[in-house]
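Quick notes on the structure that follows.
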Amino acid sequence: MPTSTPRPLGPGDPVATALSHDRRAQRSQQTVLTAALGLLEESGVGGFSVEEVARRSGVAKTTIYRHWPTREALVLDACARISQEQETPDTGTLAGDLLAHLTTIAELLASANWSAVLPSIVDAAERDAEFAIVHSEIQRSHAAPVHEIVRRAVTRHELPEDTDSATIAAILLGPLFYRRWFSREALDDAFINAVVRRAIAAT
């Protein structure tokens, strides 16, 4: 029985047209997100507007609203580019996992992009329910690995079964945020090691 040979996609082929349209749409979205992130870094949430993103990106405002129905949705997607959920380290020990995770967070806090955007999100979250959701998503992405690290440590009998992972996350992350935005002291290895030791001792 003869087999059919796939027909090459020509410029007028509907499948080729659809693929080309998808690629253009993806490029357009990336251009918008890059412009949105740049605006957030410069002006924070208070100076963020879809109109300015459209001007910077060269993408029509109507097109932007087709992909992001609200200003907050665009901010959330832009923030996701610099605050993706962290991978959970697996060194085989509680102390090793916590040290690895906190080192990653300290590196994020040293990033000009991330540390420039987050304070304005925190400020906006105090008055705007939509931005409160954005803030919660960012915080969840940094705490999620701690919950998994604690769960594994309980399984290995390194921690008691009733260990509260939310409390451990607060003990670990709070000092890093304090140093970055309040005391502005160094987030060095000695400090991170001290934070981990205190967190483990608190369990």
Of (1) of a type in the set (S, T, N, Q); (2) within 13 Å of ASP97 (Cα to Cα); (3) not in a helix (DSSP H, G or I), ASN193 satisfies every one except (3)
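Just give me the residues in the range 155-166 being outside any loop (DSSP other than H, G, I, E, B) and surrounded by 17 or more Cβ atoms within 10 Å (Cβ to Cβ), in sequence order.
Applying the first criterion (outside any loop (DSSP other than H, G, I, E, B)) to the range 155-166 yields 155, 165-166.
Within the range 155-166, SER165 is the sole residue that qualifies.
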Expected output for the range 79-101 (first residue under 30 Å from LEU33 (Cα atoms), partner modelled with pLDDT of 95 or more and open to solvent by 40 Å² or more (accessible area, probe 1.4 Å), Cβ below 7 Å, 6+ apart or cross-chain) is THR88/GLU148; ALA100/THR91
Of (1) surrounded by 19 or more Cβ atoms within 10 Å (Cβ to Cβ); (2) hydrophobic (A, V, I, L, M, F, W, C); (3) out of contact with any His (no Cβ under 8 Å at 6 or more places or on another chain); (4) touching a residue at least 60 places away in the same chain (Cβ under 8 Å), VAL150 fails just (4)
On the basis of being over 23 Å from GLU41 (Cβ atoms), assigned to a helix (DSSP H, G or I), modelled with pLDDT of 90 or more and open to solvent by 40 Å² or more (accessible area, probe 1.4 Å), does THR103 make the cut? yes
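Output the residues belonging to the range 189-201 that are surrounded by 11 or more Cβ atoms within 10 Å (Cβ to Cβ) and either of a type outside the set (D, E, K, R) or over 17 Å from ILE168 (Cα atoms) (or both). Please lay out each step first, then the result.
Narrowing the range 189-201 to residues surrounded by 11 or more Cβ atoms within 10 Å (Cβ to Cβ): 189, 191-200.
Scanning the range 189-201 gives ASP189, PHE191, ILE192, ASN193, ALA194, VAL195, VAL196, ALA199, ILE200.
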Considering the range 106-131, residues that are open to solvent by 40 Å² or more (accessible area, probe 1.4 Å) and in contact with a Lys or Arg (Cβ under 9 Å, 6 or more places away or on another chain), and then whichever is farthest from ILE200 (Cα to Cα), we arrive at GLU130
Okay, helices (runs of 4 or more DSSP H) sitting entirely in the range 29-94 with 1 or more residues that are open to solvent by 70 Å² or more (accessible area, probe 1.4 Å), I get 50-57, 61-67
Exercise. Restricting attention to the range 167-178, does a residue exist that is within 20 Å of LEU37 (Cβ to Cβ), part of a helix (DSSP H, G or I) and touching a residue at least 60 places away in the same chain (Cβ under 8 Å)?
Worked result: no
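The values are calculated or read from the model by the stated rules, or taken from the named source; none is laboratory data. Every value quoted in this text rests on a predicted model; they were computed, and no experiment measured them. Using ideal geometry, Cβ is built from the backbone for each residue, glycine included, and neighbour counts are taken over all protein chains shown. Ligands, DNA and RNA are excluded from the accessible area calculation, which covers all protein heavy atoms including side chains. Shrake-Rupley method; radii C 1.70, N 1.55, O 1.52, S 1.80 Å.
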